[in-house]
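Peer 1: Structure in structure tokens, see below.
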There are 2 protein chains.
Amino acid sequence: MSDAAKPPVEFYFDFSSPYAYLASLRIDEVAKLYERTVIWKPVLLGVVFKTTGNVPLLDQPLKGDYVKRDLARTARLLGADFRLPSSFPFAAVAPSRLFYWLAQDDPARANAYAKAVFSTAFQEAVAVNSPDAAADVAAKLGIDRGAALAACQNPEIKEKLRLANEEAVAAGVCGAPYFIVDGEPFWGNDRMDHLERWLATGGW
Amino acid sequence: MSDAAKPPVEFYFDFSSPYAYLASLRIDEVAKLYERTVIWKPVLLGVVFKTTGNVPLLDQPLKGDYVKRDLARTARLLGADFRLPSSFPFAAVAPSRLFYWLAQDDPARANAYAKAVFSTAFQEAVAVNSPDAAADVAAKLGIDRGAALAACQNPEIKEKLRLANEEAVAAGVCGAPYFIVDGEPFWGNDRMDHLERWLATGGW
């Protein structure tokens with residue numbers, strides 16, 4: 001047996017995606033069962049949708065009503081706290097930048113920040129849609145608020161997020177959550193069963 | 001215990017939907033486990049999409065490529081034969097009309113016809129997109145070809161399909177397959193797990 005680490009699961013998401021929030025509650029644990037790590041990759045679905053021509057789910061007639069019901073039902077089934085933020089969908093530019101700022105020095109801290117953003121948005125129902133809101137979440141984790149606000153305007157950090165969006169489109173990401181493992185893509189919280197089976201079996 | 005029959009599962013689909021085809025292979029069996037019957041309801045998603053503003057999945061950049069892969073992978077997991085018809089998506093007006101024509105006198109025969117349309121489209125890869133193609137499938141089941149062709153142009157039958165589309169939109173159907181049972185909607189082949197659990201438990 002080789003001791004080489006298995007390739008990680010790439011987890012693409014938008015902080016404003018409620019299905020990505022639901023997936024975020026489980027992905028680390030699922031991956032760990034199969035000795036995989038997870039690389040969290042926040043992106044802006046608005047950029048992706050410019051390519052796919054989609055509009056956000058909840059803005060679509062019929063589908064929006066269905067999706068609200070499906071989200072609540074899925075959350076209950078998973079035993080997950082779930083509320084929609086008062087402002088929804090929200091532009092996740094600021095928290096995404098802060099994520100990549102934190103990830104430069106401490107990926108684990110960036111992941112903790114991502115989880116805090118998701119719980120703020122989908123448990124406390126507070127949209128994390130501005131530098132102030134994004135810095136508030138950082139401050140709760142003991143991160144310097146002023147430094148966080150500055151990072152939101154840092155050209156290097158802005159560029160990191162821009163590149164992450166580009167890379168996601170190039171990788172075929174067409175929605176969130178979107179997982180890639182061993183070159184195989186899985187789109188949707190409702191494909192985590194396929195993803196887990198893929199990890200367990202090596203594919204079919 | 002009351003002997004009253006439990007309400008049926010309503011199964012809305014478009015004959016051109018590959019995910020509906022995959023669902024059609026299992027829905028009768030799943031419902032039967034919980035003493036339910038299934039009412040098959042072909043509709044035209046094109047009419048629904050006029051309300052939701054969607055475009056067919058495979059016509060969308062990025063998403064189309066993903067969906068082709070997901071369909072093949074899902075079919076393999078289910079052990080289902082699966083090919084995309086050479087002409088896809090196809091307009092399912094003719095087979096839908098023939099379905100409602102047959103259903104007038106013999107719902108079981110209409111269901112057998114629906115299954116034959118699906119296998120023609122997604123196993124033999126032949127688009128059932130014209131009165132001739134729809135009548136060919138009927139003829140294989142021993143149905144008079146001339147009568148089938150006439151039914152495709154029968155104003156009463158046309159009206160039945162038009163009403164079925166209207167009823168679907170009114171019921172909130174926003175894609176296919178779409179199931180409603182006991183007032184609860186489930187959209188997608190990938191919600192059959194929720195549907196089955198709902199039937200088993202009465203909801204959560």
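The values are calculated or read from the model by the stated rules, or taken from the named source; none is laboratory data. Computed from a prediction, not measured in an experiment: that's the story for all the values here. We place every Cβ from the backbone using ideal geometry, glycine too, and count neighbours over all the protein chains shown.
Peer 1: Residues in the range B:18-46 that are under 20 Å from B:Ala91 (Cβ atoms) and free of Cβ contacts under 8 Å to residues at least 40 places away in the same chain: how many?
Peer 2: Of the residues in that region, 0 qualify.
Matching residues to (1) farther than 19 Å from A:Leu62 by Cα; (2) at pLDDT below 85:
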position	(1), (2)
B:Pro8	yes, no
B:Tyr12	no, no
B:Leu58	yes, yes
B:Asp65	yes, no
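Peer 1: Return the residues of the range A:1-40 that are part of a strand (DSSP E or B), of a type outside the set (Ser, Thr, Tyr) and touching a helix residue (DSSP H, G or I) at 6+ places or on another chain (Cβ under 6 Å); say none if nothing qualifies.
Peer 2: Within the range A:1-40, A:Val9, A:Phe11, A:Phe13, A:Val38, A:Trp40 qualify.
Peer 1: Count, please, the residues in the range A:152-172 that happen to be under 16 Å from A:Phe99 (Cβ atoms) and either away from every other protein chain (no Cβ under 14 Å) or touching a strand residue (DSSP E or B) at 6+ places or on another chain (Cβ under 9 Å) (or both).
Peer 2: Residues in the range A:152-172 being under 16 Å from A:Phe99 (Cβ atoms) and either away from every other protein chain (no Cβ under 14 Å) or touching a strand residue (DSSP E or B) at 6+ places or on another chain (Cβ under 9 Å) (or both): 14 in total.
Peer 1: May I ask you to verify whether B:Ser87 is touching a residue at least 12 places away in the same chain (Cβ under 8 Å), among the hydroxyl-bearing types (Ser, Thr, Tyr) and out of contact with any Leu (no Cβ under 7 Å at 6 or more places or on another chain)?
Peer 2: yes
Peer 1: Tell me, which helices (runs of 4 or more DSSP H) wholly within the range B:131-204 include 2 or more residues that are closer than 18 Å to B:Ser16 by Cβ?
Peer 2: Counting at least 2 such residues, we get B:131-140, B:155-170.
Peer 1: Out of A:Phe82, A:Phe90, I need the residue that is within 14 Å of another protein chain (Cβ to nearest Cβ) and outside any helix (DSSP H, G or I). Which one?
Peer 2: Residue meeting the stated conditions: A:Phe82.
Peer 1: Here's a follow-up. Kindly provide the set of residues from the range A:94-125 that are surrounded by 19 or more Cβ atoms within 10 Å (Cβ to Cβ) and either over 24 Å from A:Phe82 (Cα atoms) or among the β-branched types (Val, Ile, Thr) (or both), ordered by number.
Peer 2: Of everything in the range A:94-125, those that are surrounded by 19 or more Cβ atoms within 10 Å (Cβ to Cβ) and either over 24 Å from A:Phe82 (Cα atoms) or among the β-branched types (Val, Ile, Thr) (or both) turn out to be A:Arg97, A:Tyr100, A:Trp101, A:Leu102, A:Ala103, A:Val117, A:Thr120.
Peer 1: Taking the range B:64-79, which residues are in contact (Cβ under 8 Å) with a residue 12 or more places away in the chain, within 11 Å of chain A (Cβ to nearest Cβ) and surrounded by fewer than 16 Cβ atoms within 10 Å (Cβ to Cβ)?
Peer 2: If the condition is that a residue be in contact (Cβ under 8 Å) with a residue 12 or more places away in the chain, within 11 Å of chain A (Cβ to nearest Cβ) and surrounded by fewer than 16 Cβ atoms within 10 Å (Cβ to Cβ), then B:Leu78 is the only one that fits.
Peer 1: Checking the conditions here, which among A:Gly188, A:Gly175 is buried (at least 18 other Cβ atoms within 10 Å of the Cβ), at pLDDT below 95 and not polar (S, T, N, Q)?
Peer 2: Within the list A:Gly188, A:Gly175, the selection yields A:Gly175.
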